[in-house]
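In what follows, a single structure is set out as structure tokens and then discussed.
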Amino acid sequence: MAVDTLPTHTDTPVSRSASGIRIGTSASLLTILLLAFLPFIVYQSATSVMIQLFILVVLASMWNLLAGFGGLVSIGQQAYIGVGAYTVVALDNQGLSPFLAILFAIVTASLLSIPTSFLAFRLRGDYFAVGTWVIAEVYRLVVIRFDSVGGGDGKSLSGLAGIDPTMRAAVVYWTALGLAVVTVLACFLLLRGRIGLALTAIRDDEVAARAGGVDATRVKRIVYLISAAGCGAAGAVLAIDAVRVQPDAIFSVQWSAYMIVIVIIGGIGHLEGPVLGAIVFFALQQLLADLGTWYLMVLGILAVFFAIVVPRGLWGLIADRTSFRLFPTSYRLENDHDRRAR
């Protein structure tokens, strides 16, 4: 793998390389290939559960991009999950394939995020967080006014009726897997570019970044749009997987709670954090499912523990103790081992 370097005034080069990156990349590719063949290996019940894991990875990655890198702590991203789901419902009414409607869900969520951002960005800090929650509720109240998409009761998708259930489950699984891979890869490429450098500057000191010529508002709006697009896509897949969309469920603030808990556990501000956090969160969900609503209390206690005792999350601990990175986006000083590896 090629290593990006920056010249410095010292003899120590700076790079984005990290020890173990080639091993990590190979392991990631093998894992993706194994997951892609999973529908041919296991029963449908297993792949159906895995869809939820992939959706959690997408949602957590989008929230981490927004809050961990953009500094925009939102508790209203369920607005775009609902928009994506109801875009599928609306187009299903017109006879369009629900799978094709996923693309339109991404576009719809992205377009709606632009005017929404002009309103939300007038708020700062805690007011921004609460404001996004209110905006999500407004979206829900608007949607339930339309009887064509089921009103307050929700509606089922009719475009999936003629598809074999086993084939449908497999296609939904592959779609969710592909969405998770594309989401993580898109975040990686975004953060390695100029926007990533701008976000780093804004996160470190927004005033200094603005003084240095960074258009912080524009960069944040781009990140907000991308996060909305990812959440819209996730909502569309959720609608297809469930075959029915209910407004109270799809617009529930619980989705934002899941995103926050996952990122806190995995490690905010690290691309690897949402992936690791989603795996841990998903495993806990499966282990504690029999406890009913008690499992939410356990997850809450766990989130508080990580926020106080391990604020950098699980991947933060790994990053502090090793130089291993799956997705190196920031520059660092090379050591002798790194130069020999090149």
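The values are calculated or read from the model by the stated rules, or taken from the named source; none is laboratory data. Source: prediction; values computed, not measured. Glycine gets a Cβ as well: all are built from the backbone with ideal geometry, and neighbour counts include every protein chain shown.
None of V130, V182 is out of contact with any strand residue (DSSP E or B) (no Cβ under 7 Å at 6 or more places or on another chain) and either over 30 Å from F327 (Cβ atoms) or part of a strand (DSSP E or B) (or both) except V130.
For segment 52-60, the count of residues that are of a type outside the set (G, A, S), in contact with a Cys (Cβ under 7 Å, 6 or more places away or on another chain) and buried (at least 24 other Cβ atoms within 10 Å of the Cβ) is at least one. Taking the listed residues P247, P274, the one that is under 18 Å from L66 (Cα atoms), modelled with pLDDT of 90 or more and either out of contact with any strand residue (DSSP E or B) (no Cβ under 7 Å at 6 or more places or on another chain) or acidic (D, E) (or both) is P274, with no other qualifying.
For the criterion of being closer than 22 Å to V184 by Cα, assigned to a helix (DSSP H, G or I), modelled with pLDDT under 90 and over 17 Å from the mean Cα position of the chain (by Cα), I318 passes.
In segment 79-119, what residues are touching a residue at least 40 places away in the same chain (Cβ under 8 Å), in a helix (DSSP H, G or I), over 22 Å from V138 (Cβ atoms) and aliphatic (A, V, I, L, M)? A101, I102 - these are the residues of segment 79-119 that are touching a residue at least 40 places away in the same chain (Cβ under 8 Å), in a helix (DSSP H, G or I), over 22 Å from V138 (Cβ atoms) and aliphatic (A, V, I, L, M).
Would you be able to tell me the number of residues in segment 243-255 that are hydrophobic (A, V, I, L, M, F, W, C) and either more than 21 Å from the chain's Cα centre (by Cα) or under 11 Å from L160 (Cα atoms) (or both)?
Keep residues of segment 243-255 that are hydrophobic (A, V, I, L, M, F, W, C), which gives 243, 245, 249-251, 253, 255.
Still in the list and also either more than 21 Å from the chain's Cα centre (by Cα) or under 11 Å from L160 (Cα atoms) (or both): 243.
Counting residues in segment 243-255 that are hydrophobic (A, V, I, L, M, F, W, C) and either more than 21 Å from the chain's Cα centre (by Cα) or under 11 Å from L160 (Cα atoms) (or both) gives 1.
Just the residues that are surrounded by 15 or more Cβ atoms within 10 Å (Cβ to Cβ) and not basic (K, R), please, taken from segment 297-317.
Across segment 297-317, the qualifying residues are L299, L302, A303, F306, A307, G313, L314, W315, G316.
Of the set (1) in contact with a helix residue (DSSP H, G or I) (Cβ under 8 Å, 6 or more places away or on another chain); (2) over 26 Å from I75 (Cα atoms); (3) assigned to a helix (DSSP H, G or I), all apply to R140 but (2). Just one residue in the set A228, A216, A211, A198 is over 19 Å from the mean Cα position of the chain (by Cα), crowded, with 20+ Cβ neighbours inside 10 Å and hydrophobic (A, V, I, L, M, F, W, C); that residue is A198. Tallying residues that are charged (D, E, K, R) and farther than 19 Å from W133 by Cβ within segment 77-123 yields 1. With a requirement of 2 or more residues that are under 30 Å from G159 (Cα atoms) and touching a Ser or Thr at 6+ places or on another chain (Cβ under 7 Å), the helices (runs of 4 or more DSSP H) lying completely within segment 190-292 that satisfy it span 216-242. For segment 154-166, indicate whether the set of residues that are over 22 Å from the mean Cα position of the chain (by Cα), part of a helix (DSSP H, G or I) and within 30 Å of Q44 (Cα to Cα) is non-empty. Yes; the residues of segment 154-166 include at least one that is over 22 Å from the mean Cα position of the chain (by Cα), part of a helix (DSSP H, G or I) and within 30 Å of Q44 (Cα to Cα). Restricting attention to segment 61-80, the residues being farther than 20 Å from L190 by Cβ, hydrophobic (A, V, I, L, M, F, W, C) and surrounded by 24 or more Cβ atoms within 10 Å (Cβ to Cβ) number 1. Within segment 157-166, the only residue that satisfies the criterion of being surrounded by fewer than 17 Cβ atoms within 10 Å (Cβ to Cβ) and either at pLDDT 90 or above or acidic (D, E) (or both) is D164.
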